[in-house]
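Here the structure comes first, spelled out in structure tokens, and everything after it is commentary.
The values are calculated or read from the model by the stated rules, or taken from the named source; none is laboratory data. A quick note: this is a predicted structure, and the numbers were derived from the prediction, not measured. Positions of Cβ are backbone-derived with ideal geometry, glycine not excepted, and every protein chain shown enters the neighbour counts.
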Amino acid sequence: MGGSGVSPASEWNKLGQLFYRKRELYQMAWREANLDCSLVAVARFGGPVATVHDDKKLSKLGRGVQTSKPVVRIFSASGRPLSSFTWEEARHQDTRAWMGGKRGEYSNSF
């Protein structure tokens, strides 16, 4: 705040009778995740994020093209890759049940 020319009061927002401000705590690192073509499940309170390619959405290979068994990728809340695994039984299960909701909805089912 020193010397930036921005008033400290301008960083605060009013919400009802209270004031809050947003601060960047760390850099986001979502380079490896394509969330536009994925089913996403989000843990509560800033926990891990699981993604799996949604074969119903367009991809570089075309709509509905499945090349192999899907890979589930686990990321931190900031987008840092934590783990991944091949979903061996994916063709025998409904991905909506795994995601905890309807297709296209975000879930907090962890």
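Looking only at segment 9-26, which residues are among the hydrophobic types (A, V, I, L, M, F, W, C), exposed (fewer than 10 other Cβ atoms within 10 Å of the Cβ) and modelled with pLDDT of 90 or more? Quick ask: steps written out before the conclusion?
Step one: list which residues in segment 9-26 are among the hydrophobic types (A, V, I, L, M, F, W, C), which gives 9, 12, 15, 18-19, 25.
Those still in the list that are exposed (fewer than 10 other Cβ atoms within 10 Å of the Cβ) too: 9, 15, 18, 25.
Residues satisfying the conditions are Leu15, Leu18.
Being surrounded by 12 or more Cβ atoms within 10 Å (Cβ to Cβ), in a helix (DSSP H, G or I) and not hydrophobic (A, V, I, L, M, F, W, C) is the filter here, so list the residues in segment 27-49 that pass it.
If the condition is that a residue be surrounded by 12 or more Cβ atoms within 10 Å (Cβ to Cβ), in a helix (DSSP H, G or I) and not hydrophobic (A, V, I, L, M, F, W, C), then Glu32 is the only one that fits.
Going residue by residue through segment 89-104, is there one that turns out to be assigned to a loop (DSSP other than H, G, I, E, B), at pLDDT 70 or above and small (Gly, Ala, Ser)?
Among the residues of segment 89-104, not one is assigned to a loop (DSSP other than H, G, I, E, B), at pLDDT 70 or above and small (Gly, Ala, Ser), which makes the answer no.
For residues in segment 50-88 being at positive phi and modelled with pLDDT under 70, which is surrounded by the fewest Cβ atoms within 10 Å (Cβ to Cβ)?
Checked segment 50-88; the qualifying residue surrounded by the fewest Cβ atoms within 10 Å (Cβ to Cβ) is Gly62.
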